[in-house]
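The values are calculated or read from the model by the stated rules, or taken from the named source; none is laboratory data. No experiment lies behind these values; they were computed from the predicted model shown. Please note: Cβ atoms are built from the backbone with ideal geometry, for glycine as well, and neighbour counts cover all protein chains shown.
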Amino acid sequence: MQKEVERPRNIRTGLIAMFALRRMLDGPVYGYSLAAEISEKTGESWSPGPGTIYPALHHLVEKNYAKTRTEEGRRVYYITRQGKAKLESFRRKMARSRGRFQDAGRLWMEIMDDSELREFIVHRLKTDIKLFSLITEGRLGHLSVKERKLLTKEVATELKNLIPYRGE
């Protein structure tokens, strides 16, 4: 009887697994480099250790979403055809559920007191602006120059519509 493969233990492990699959589209990854990249991309606010990284990678191998090979003394992970399909399925699911995450954020805002809410909003805004800046500079993500220009134009339009000019 074949052992049933467990799902990742928690949301972070699942997120690492999907991020690993995305990175594997660009070439092989290994645990330490994946942890270092997550730490860098989160402004070092999250530095996952081996106890989080390797269960996520092992899960991908068990599900046949990735395969491993030893190269230069280290285990590297490659995406499989099934892994590409899983990543695409995950992307579609996330695109459909985008609004639900925003709605959950609204609940958190209702729980916070005034000073916490102010700090939360300012921190979130700074984080989003930094992310936007990295994307439009071509240092994050994989958007073409044309897509980055289109994104910049859309964001500028939204800001103009949201923040009316109050000049006198």
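Candidates in region 72-110 are the residues that are more than 19 Å from the chain's Cα centre (by Cα), modelled with pLDDT of 85 or more and farther than 19 Å from L34 by Cβ; of these, the one that is surrounded by the most Cβ atoms within 10 Å (Cβ to Cβ) is Q82.
Would region 73-87 turn up any residue that is more than 14 Å from R23 (Cα to Cα) and either β-branched (V, I, T) or in contact with a Leu (Cβ under 9 Å, 6 or more places away or on another chain) (or both)? The answer is yes, given that some residue of region 73-87 is more than 14 Å from R23 (Cα to Cα) and either β-branched (V, I, T) or in contact with a Leu (Cβ under 9 Å, 6 or more places away or on another chain) (or both). Find all pairs meeting these conditions: Cβ atoms under 9 angstrom apart; at least six residues apart or on different chains; first residue within region 24-48 and in the same structural domain as F132 (by TED's automatic domain parsing); second residue assigned to a helix (DSSP H, G or I). Nothing qualifies.
Does G51 satisfy the condition of being over 16 Å from I16 (Cβ atoms) and either part of a loop (DSSP other than H, G, I, E, B) or modelled with pLDDT under 95 (or both)? The answer is no for G51.
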